[in-house]
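A.B. asks: Below you'll find the structure I mean.
Just so it is clear, none of the values below were taken in a lab; they were calculated from the coordinates. Note that the structure is predicted; figures quoted are calculated from it, not measured. Note: ideal-geometry Cβ built from the backbone for every residue, glycine included; neighbour counts use all protein chains shown.
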Amino acid sequence: MWREAHFHQVVEDEVEVNGLPHSFDGSAILFVSDLHKRKLRQRDLEPLMDQVDWVLIGGDVAEKGISWSTVRHNMKLLTDIAPTFAVYGNHDKRAGTAQLTRIFQETGVELLQDKVVSLHQGNSNINLAGMDYRSRQLSKLLMDQDINKCTIMLIHDPLQANRIQEYADLVLSGHTHGGQLVIPFLGPLFLHKAYRDVSHGWYTFKRSDGLPDGKLLVSRGYGTNHLPLRLCCPAEMHKITLKSAKLNSLDHD
C-alpha cells in the first residue's frame, strides 16, 4: 500500500481528438492531478524533457497545512518541462488560493480560472479551457467560441463534465483518486456513489446536434488524501499523445 502510493508511473496513451488540426497530430500533453503533499522528484521527470508540448494540472496541487515550499518545488519542476496550465481543486481552495496564485505566477504556471486560451502548432490553433472548481461560468464563455473548433477542457471534478460536454472534444480531470483504496470485487472503499461510474480511466460522452462523441479521462492522481496509502489503485500521471481523428482526414489546417 505504501509502495502504490509512492509509485512513479507515467501512463502513455494515444487519443484521437475530434477536430484536431493535422499540425497538432503527434503533439503530447503531460497531465498531472492531485499531487496533494507528494513531492516530485527531478529524476522521475527528466525522461519527459523535450517529450511533451504542454503540461496540464488538474487541481489539488496543495492541501491545508502543506509546506508551500513543496508546492513551489513541484510547480518549478513541471514548468521546466513545458508551458504549464492549471485549474484549482477543492483542496487548493481550502489551502489558500492567494498564496497558491503567487506561486503560480512566480513559477510560470498559467491559471485557467474559467478561462479559454489558444494553443498553437504551425499555423493552427485549438482551444484550451479551464473550469474553476464547482464553477458554472465557463459554459457561458464557451458559448462565444466556435463550436467546430477543437477544444480541450481541463477540470478537477469529473462530474463537471456534464455542464460543458457540448463544447469539449477532450476533457481531463482528477479528484476521485480512483478510490485510492480499492478492494477486489467490492470496489473503492470510500468513493462517493456519484463517482462510481467515473472512478478512473477513459470514458466517452454523447454530444447533441450531431457532434462526434467526446472523450473524458479521469486520473487516479499522483498523490494521496488523508492516508498516505493506496490499494489496487497505484499513483499515476499521464503522457497523452494527440491524434487527428480519422473522420477529419480531409480537414485542412
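A.B. asks: Over all distinct Cα pairs, what is the inverse of the mean 1/r for the stretch 24-79, reported as the Kirkwood hydrodynamic radius in Å?
C.D. replies: Values: mean 1/r = 0.0824 Å⁻¹.
Taking the inverse mean of 1/r over all distinct Cα pairs, the stretch 24-79 comes out at 12.1 Å.
A.B. asks: Between residue 231 and residues 5 or more places away or on another chain, which pairs have amide H atoms under 5 Å apart, with H built 1.01 Å from N, and which residues are they?
C.D. replies: 181, 182
A.B. asks: In addition: For the stretch 232-245, in order, what is each residue's ³J(HN,Hα) by Karplus, 6.51 cos²θ - 1.76 cosθ + 1.60 with θ = phi - 60°, in whole Hz (x at glycine and Pro)?
C.D. replies: 6, 7, x, 4, 7, 10, 9, 10, 10, 8, 8, 10, 5, 5
A.B. asks: Would you mind checking the tilt of helix 68-79 against the longest principal axis of the Cα atoms of the chain, expressed as 0 to 90 degrees and rounded to 10?
C.D. replies: 30 degrees
A.B. asks: Still on this model: Counting other beta carbons within 10 Å of each residue's own, what order do 222, 203, 167 fall into, fewest first?
C.D. replies: Arranged by neighbour count, lowest to highest, 222, 203, 167 become 203, 167, 222.
A.B. asks: Taking the Cα of residue 206, stepping 7 Å toward and past its beta carbon, and measuring to each backbone N in the stretch 147-185: which are under 20 Å?
C.D. replies: From the stretch 147-185, the list is 159-171.
A.B. asks: Another question about this same structure. Please give, to one decimal in nm, the separation of the simple spin-label points placed at residue 192 and residue 37, each 7 Å out from Cα toward the Cβ.
C.D. replies: Between residue 192 and residue 37, the simple spin-label model gives 2.3 nm.
A.B. asks: Points 7 angstrom from Cα along the Cβ direction at residue 232 and residue 105: gap in nanometres?
C.D. replies: Once both label points are built, they end up 4.7 nm from each other.
A.B. asks: For every helix of n ≥ 4 consecutive DSSP H residues, a contribution of -39,500 (n - 2.57) applies; sum these over the chain, divide by its total residues, and give [θ] at 222 nm rounded to the nearest 500 deg cm²/dmol. Could the numbers behind the result be given before it?
C.D. replies: On the way: 7 runs with 47 residues, N = 253.
Result for the chain: -4500 deg cm²/dmol, rounded to the nearest 500.
A.B. asks: I've got another one for you. Can you put 244, 139 in order of Cβ neighbours within 10 angstrom, beginning with the fewest?
C.D. replies: By the 10 Å Cβ count, ascending, the order reads 139, 244.
A.B. asks: Let me check I've understood the local charge: for residue 163, count other residues with C-beta under 14 angstrom from its C-beta, Lys and Arg +1, Asp and Glu -1. What total comes out?
C.D. replies: Cβ neighbours under 14 Å give a net charge of 0.
A.B. asks: Among residues other than residue 231 whose Cβ falls under 13 Å from its Cβ, what is the net charge (Lys/Arg +1, Asp/Glu -1)?
C.D. replies: +2
A.B. asks: Now for a different question. When the Karplus curve 6.51 cos²θ - 1.76 cosθ + 1.60 is applied with θ = phi - 60°, which whole-Hz ³J(HN,Hα) does each residue of the stretch 104-114 get, with x for Gly and Pro?
C.D. replies: Ordered by residue, 3J(HN,Hα) equals 4, 5, 5, 9, x, 7, 8, 7, 9, 9, 6 Hz.
A.B. asks: When a/c is below 1.5 the answer is rounded, else prolate if a/b is larger than b/c, else oblate, so apply that to the stretch 84-165 with a ≥ b ≥ c taken from the square roots of the Cα gyration tensor eigenvalues.
C.D. replies: oblate
A.B. asks: Long-range amide H contacts for residue 236: which residues qualify at under 5 Å (H placed 1.01 Å from N, peptide plane, sequence gap of 5 or more or a different chain)?
C.D. replies: Under 5 Å from the amide H of residue 236 lie the amide H atoms of 221, 222, each far enough along the sequence or on another chain.
A.B. asks: Multiply the residue gap between residue 49 and residue 144 by 0.36 nm, knock off their C-alpha separation, and tell me the result in nm, one decimal place.
C.D. replies: So the extension gain works out to 30.7 nm.
A.B. asks: Taking only C-alpha pairs under 8 Å that are 6+ residues apart, what is the relative contact order of the chain in percent?
C.D. replies: Numbers: 612 pairs, mean separation 78.5, N = 253.
Relative contact order here is 31 percent.
A.B. asks: Right, something else. Whole-Hz ³J(HN,Hα) for each residue in the stretch 150-159, computed from phi via Karplus 6.51 cos²θ - 1.76 cosθ + 1.60 with θ = phi - 60°, x for glycine and proline: what do you get?
C.D. replies: Computed from phi, the couplings for the stretch 150-159 are 4, 10, 9, 10, 10, 9, 9, 8, x, 5 Hz.
A.B. asks: Kindly identify the stretch 1-140 as rounded, prolate or oblate by the Cα gyration tensor criterion: order the square roots of the eigenvalues as a ≥ b ≥ c, call it rounded if a/c is under 1.5, otherwise compare a/b with b/c, prolate if a/b is larger, else oblate.
C.D. replies: oblate
A.B. asks: Students often get this wrong, so try it: which of (1) 74, 60, 34; (2) 49, 38, 35; (3) 49, 43, 34 is Cα extents along the principal axes in Å as calculated from the structure shown?
C.D. replies: (3)
A.B. asks: Classify the stretch 68-205 as rounded, prolate or oblate, taking a ≥ b ≥ c as the square roots of the eigenvalues of its Cα gyration tensor: rounded when a/c is under 1.5, otherwise prolate if a/b is larger than b/c and oblate if not.
C.D. replies: oblate
A.B. asks: How much length would be gained if the chain were fully extended between residue 23 and residue 159, taking 0.36 nm per residue of separation minus their Cα-Cα distance, in nm to one decimal?
C.D. replies: So the chain would gain 45.8 nm between residue 23 and residue 159.
A.B. asks: Let me ask something else about it. Fewest Cβ neighbours within 10 Å first, please rank 14, 4 accordingly.
C.D. replies: 14, 4
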